[in-house]
Amino acid sequence: LQDINLTIYGDGSQTRSFQYVSDLVRGLYALMNGNYDQPVNLGNPDEYSIKDFAFKIKELTGSKSVIKHLPKTEDDPTQRRPDITTAKRELEWEPKVSVMEGLEQTVTYFQSVLDEAGEIIPTGPGATKPQAQQESNKRPRTSS
């Protein structure tokens with residue numbers, strides 16, 4: 001939204017799943033008000049590479065940001081995809097908000113914050129001034 005460069009640690013091939021907060025709240029509510037008291041994943045099993053997700057954000061926001069790469073951290077897992085079988089079976093719960101719908105709502109929210117405040121300042125170690133190793137501005141090829 002501010003055309004600030006996006007930072008990816010490593011090559012961006014590591015995957016993550018993203019969940020909209022209302023889905024998590026519904027899952028926690030079901031867990032607290034149910035009879036199940038064992039560990040359960042309340043995540044979204046839809047999986048995206050970090051690089052693809054960054055391009056989705058650029059596309060959705062119309063950003064001119066450059067994607068910059070920093071070295072991958074040693075403890076960064078290569079894959080994150082929760083198994084929600086237990087949540088479906090025991091809590092009759094699964095995420096309802098799609099990743100794209102959640103991103104659209106998030107962008108709308110942060111655009112309103114930006115309109116009101118005039119600036120959003122990134123947080124985290126090195127977030128404001130990352131030193132890039134390489135740049136990737138071309139959308140990755142995906143196999144069909």
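The values are calculated or read from the model by the stated rules, or taken from the named source; none is laboratory data. Since this is a predicted model, take the numbers as computed values, not measurements. Every residue, glycine as well, gets a Cβ built from its backbone with ideal geometry; the counts of neighbours run over all protein chains shown. Keep in mind that these areas ignore ligands, DNA and RNA; they rest on the heavy atoms of the full protein, side chains included. Shrake-Rupley method; radii C 1.70, N 1.55, O 1.52, S 1.80 Å.
Odds and ends about this structure:
- Tail weight of P(r) past 18 Å, computed on alpha-carbon pairs of the chain, percent: 65 percent
- The stretch 1-62, relative contact order in percent, only Cα pairs under 8 angstrom and at least six apart counted: 52 percent
- Most fluctuating residue given options 75, 46, 115, as computed from a GNM of the chain linking Cα atoms under 10 Å: 75
- Span-like helix check, the chain: qualifying full DSSP H segments, with Cα axial length of 18 Å or more and mean Kyte-Doolittle of 0.0 or more, are 99-117.
- List 13, 65, ordered by accessible area with a 1.4 Å probe, largest first: 13, 65
- Within-9-Å neighbourhood charge of residue 12 [Cβ basis; K, R +1; D, E -1]: -1
- At q = 0.26 Å⁻¹, base-10 log of I(q)/I(0) for the stretch 49-102 (Debye sum, equal scatterers on each alpha carbon): -1.08
- Within the listed set 34, 12, 43, the residue fluctuating most in the Gaussian network model of the chain (springs between alpha-carbon atoms under 10 angstrom) is 34.
- Within a Gaussian network of the chain (alpha carbon springs, distance under 10 Å), most fluctuating of 82, 45, 71: 71
- Heavy-atom accessible surface of the chain: percent carbon and sulfur, 1.4 Å: 48 percent
- Helical mean residue ellipticity (222 nm; -39500 (n - 2.57) per DSSP H run of 4+; nearest 500) of the chain: -11000 deg cm²/dmol
- Cα-centre dipole for the chain with unit charges at Cβ (Lys and Arg positive, Asp and Glu negative), debye to 20: 500 debye
- Unit charges at the beta carbon, dipole of the chain: most positive-side option, 2, 87, 31: 2
- Exposed loop sites, defined as trypsin sites (Lys or Arg not before Pro) outside DSSP H, G, I, E and B with at most 15 other Cβ atoms within 10 Å, are absent from the longest region of the chain, namely 1-63.
- Rel. contact order, % - alpha carbon contacts under 8 angstrom, at least six apart, the chain: 36 percent
- Loop-located chymotrypsin sites (Phe, Trp or Tyr not before Pro) in the stretch 1-44 (DSSP state not H, G, I, E or B) with no more than 15 neighbouring Cβ atoms inside 10 Å: 36.
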